[in-house]
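Data block below; observations after.
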Amino acid sequence: MKKIRRPNSSFLIDPDLIAETKSRIFFSLLTLNIFILGISGVSGYFLSGKTLKPISEMMEEQKEFISNASHELRTPLASLKTEIEVFLRGKELRLGDAKEILISNLEEVNKMTRLSNYLLELNKFQNSSGNLKFSKVNLADIVKEAAGKNKVKFNLKKVTINGDKDSLTELSRILIDNAIKYGSGKEVEVVTKKPGILEVKDKGVGISEKDLPHIFDRFYRGDKAIGKDGYGLGLSIAKQIVDQHSAKIKVESKLSKGSTFKVIFS
Ligand code: ADP
């Protein structure tokens with residue numbers, strides 16, 4: 001720092017120099033602050049975007065789900081409405097016609113009941129790890145109960161796993177029902193083996209490579225599902241049950257040769 005000497009021999013600092021230094025420090029600090037503000041603004045923008053991404057994706061998924069569910073509910077409702085309206089427009093109300101309409105209405109009501117049951121199950125198994133009652137269960141007993149009166153070939157070994165009986169019965173039922181639905185009337189085989197494996201095999205239509213990555217998505221239905229009953233929700237419920245058991249589900253399939261769904265419990 002430059003110092004000047006005054007006549008009575010004391011050292012004094014030049015006031016111009018002090019002012020200049022002050023203004024330099026002020027501008028340096030101002031530039032630094034603007035820089036820090038800019039950096040924190042930009043990084044804040046990117047970080048908040050990153051943090052919010054899963055939330056916005058979840059909301060998008062939820063929106064799509066609600067729109068799909070409403071669409072599926074609207075179809076049978078529209079058909080119910082049209083049938084009733086057309087019937088009421090007729091001049092005479094005949095008992096025979098009324099019965100026919102009621103039978104058809106009942107079918108639509110049954111479809112809606114099935115859909116709402118699926119939706120309730122989706123919700124139940126999505127948030128349910130607390131509701132499941134885990135205990136030692138025998139997979140062989142579970143698949144026999146799930147198969148009910150369906151004609152299925154059993155190849156069952158006693159396999160004890162830690163699981164929730166009701167949801168595992170539902171999982172087996174979904175896989176067996178699908179094997180029958182897409183099984184072209186051919187043999188369906190259910191296998192349980194150690195250490196904790198469940199297989200459901202059919203020799204039916206198979207799944208195309210294009211469909212395979214999506215079959216566990218909600219409301220996804222493959223090409224071969226056209227004309228068959230369903231909403232594309234069974235396998236997403238199955239996957240949720242598998243996840244709740246920390247298990248894995250694998251699919252092997254060949255078009256026109258059949259499919260094998262394999263659940264591996266750890
Ligand atoms: P849905 O059977 O009601 O369509 P799912 O969620 O149970 O719904 O199955 C999703 C899709 O996976 C089906 O539409 C079908 O294309 C395919 N799929 C499931 N199981 C089988 C199977 N055993 N054989 C052939 N395709 C199957």
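The values are calculated or read from the model by the stated rules, or taken from the named source; none is laboratory data. This structure is a prediction, so every number in the text was calculated from the model and none was measured. Positions of Cβ are backbone-derived with ideal geometry, glycine not excepted, and every protein chain shown enters the neighbour counts.
Couple of notes before you dig in:
- The lone exception for VAL137 - which of (1) assigned to a helix (DSSP H, G or I); (2) at pLDDT 90 or above it fails: (1)
- Filter result for ASP217 (buried (at least 17 other Cβ atoms within 10 Å of the Cβ), among the acidic types (Asp, Glu) and on the phi < 0 side of the Ramachandran plot): no
- Pairs meeting the criteria (first residue in segment 176-189 and in contact (Cβ under 8 Å) with a residue 24 or more places away in the chain and closer than 15 Å to SER253 by Cα, second residue within 7 Å of the ligand (Cβ to nearest atom) and polar (S, T, N, Q), beta carbons under 8 Å, at least 6 apart or on different chains) are ALA179/SER259; TYR182/SER259.
- Residue, nearest to VAL242 (Cα to Cα), within segment 190-214, restricted to residues that are charged (D, E, K, R) and touching a residue at least 40 places away in the same chain (Cβ under 8 Å): GLU199
- The set of residues from segment 129-186 being within 16 Å of the ligand (Cβ to nearest atom), of a type outside the set (Ser, Thr, Tyr) and under 22 Å from the mean Cα position of the chain (by Cα) comprises GLU170, LEU171, ARG173, ILE174, LEU175, ILE176, ASP177, ASN178, ALA179.
- Residues located in segment 135-175, provided they are closer than 23 Å to ILE215 by Cβ, crowded, with 16+ Cβ neighbours inside 10 Å and without any contact (Cβ under 8 Å) to a residue 40 or more places away in the chain: ILE142, ALA146, VAL152, THR169, SER172, ARG173
- Filtered by the rule that a residue be out of contact with any strand residue (DSSP E or B) (no Cβ under 6 Å at 6 or more places or on another chain) and either modelled with pLDDT under 95 or of a type in the set (S, T, N, Q) (or both), segment 167-193 gives SER167, THR169, SER172, ASN178, SER184.
- When LEU132 is tested against (1) more than 26 Å from THR260 (Cα to Cα); (2) assigned to a loop (DSSP other than H, G, I, E, B); (3) without any contact (Cβ under 8 Å) to a residue 12 or more places away in the chain, only condition (3) is not met.
- Just one of the listed residues (LEU122, LEU115) is of a type outside the set (Val, Ile, Thr), in contact with a Ser or Thr (Cβ under 8 Å, 6 or more places away or on another chain), in contact (Cβ under 8 Å) with a residue 40 or more places away in the chain and closer than 24 Å to ASP217 by Cβ, and it is LEU122.
- Segment 40-74, residues that are surrounded by 10 or more Cβ atoms within 10 Å (Cβ to Cβ), within 17 Å of the chain's Cα centre (by Cα) and hydrophobic (A, V, I, L, M, F, W, C): MET58, MET59, PHE65, ILE66, ALA69
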